[in-house]
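Only one structure is covered here, and it is reproduced in the block below.
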Amino acid sequence: MNAKNGMLFVVAAPSGAGKTSLLKELSKKNNRVIISISHTTRKPRDGEIEGEDYFFVDEKSFKKLIEENHFLEHARVFGNHYGTSHSFVESQIQTGKKIILEIDWQGMQKIKAKGVEIIGIFILPPDYITLEERLINRQKDSSTTIKQRMNAALDEISHYKEFDFIVVNDKFDETVAKLNEIISDPKTDHNRRNSSHDKFISKIMAQRD
């Protein structure tokens with residue numbers, strides 16, 4: 001994956017941070033951006049389209065794809081499997097596209113371990129309460145599941161130092177602009193992770209109590 005103009009990014013975020021909506025808008029604004037479509041064993045949610053949101057497969061098919069080394073990385077999240085197609089990413093990189101993977105820090109580590117050059121961007125909510133409210137307002141999960149997702153979110157946030165850039169999703173349009181700047185110029189210092197993020201994230205973690 002050494003095409004001159006192509007580049008691979010991971011954009012990660014805790015559930016409810018608004019990642020999917022942000023990336024869909026980003027792909028509309030920047031025609032060089034391609035959002036990688038993952039395979040998953042999760043059932044489709046209302047409005048999700050096969051081949052646009054995910055490739056929906058059953059457990060047996062997913063395991064076969066693993067055996068065939070189809071995935072660049074794969075993981076089990078909340079009881080469902082997710083995987084990134086190696087051939088899809090490779091082909092898009094070679095055409096000079098900016099490929100964005102919506103995976104977590106563990107997936108990013110697996111890719112880096114293979115010697116693949118990758119840039120990590122982590123999206124944060126403005127605070128703990130906003131994150132919880134966004135999960136509730138989605139009306140997709142039970143109160144028990146929301147609690148599980150909040151606990152998982154805090155664990156995910158604790159790995160922010162794995163990433164090169166930190167972007168706080170407070171105002172939607174401004175956040176899309178920040179993401180576009182990073183994707184367009186990965187050498188930018190704007191929103192690059194620094195010591196100021198330590199205090200901000202400590203505050204979010206403290207709000208849990």
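The values are calculated or read from the model by the stated rules, or taken from the named source; none is laboratory data. What you see is a predicted model; the values in this text were computed from it and never measured. Cβ coordinates were reconstructed from backbone atoms using ideal geometry, including for glycine residues, and neighbour counts include every protein chain displayed. Note: areas computed on protein heavy atoms with side chains; ligands, DNA, RNA excluded. Shrake-Rupley method; radii C 1.70, N 1.55, O 1.52, S 1.80 Å.
Tabulated values for the structure
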read-out	value
Residue check, residue 140 touching a residue at least 12 places away in the same chain (Cβ under 8 Å) and assigned to a loop (DSSP other than H, G, I, E, B)	yes
Cβ-Cβ under 8 Å pairs, at least 6 apart or on other chains, the range 171-191 side more than 19 Å from residue 98 (Cα to Cα), far side open to solvent by 10 Å² or more (accessible area, probe 1.4 Å)	172/18; 172/21; 172/25
All positions within the range 97-128 that are within 14 Å of residue 186 (Cβ to Cβ) and open to solvent by less than 30 Å² (accessible area, probe 1.4 Å)	98, 99, 100, 118, 119, 120, 121
Check on residue 187, among the charged types (D, E, K, R) and either under 25 Å from residue 118 (Cβ atoms) or at pLDDT below 90 (or both)	yes
Residue match in the range 76-84 (condition: at pLDDT below 90, open to solvent by 20 Å² or more (accessible area, probe 1.4 Å) and hydroxyl-bearing (Ser, Thr, Tyr))	no
Hey, residue 183 surrounded by 19 or more Cβ atoms within 10 Å (Cβ to Cβ), part of a helix (DSSP H, G or I) and within 17 Å of the chain's Cα centre (by Cα) or not	yes
Residue check, residue 155 among the charged types (D, E, K, R), modelled with pLDDT under 90 and within 17 Å of residue 122 (Cβ to Cβ)	yes
Hits in the range 19-36 - residues which are part of a loop (DSSP other than H, G, I, E, B) and surrounded by 17 or more Cβ atoms within 10 Å (Cβ to Cβ)	36
Failed item in (1) open to solvent by 60 Å² or more (accessible area, probe 1.4 Å); (2) part of a helix (DSSP H, G or I); (3) touching a residue at least 12 places away in the same chain (Cβ under 8 Å); (4) more than 23 Å from residue 179 (Cα to Cα), with residue 146 passing the rest	(1)
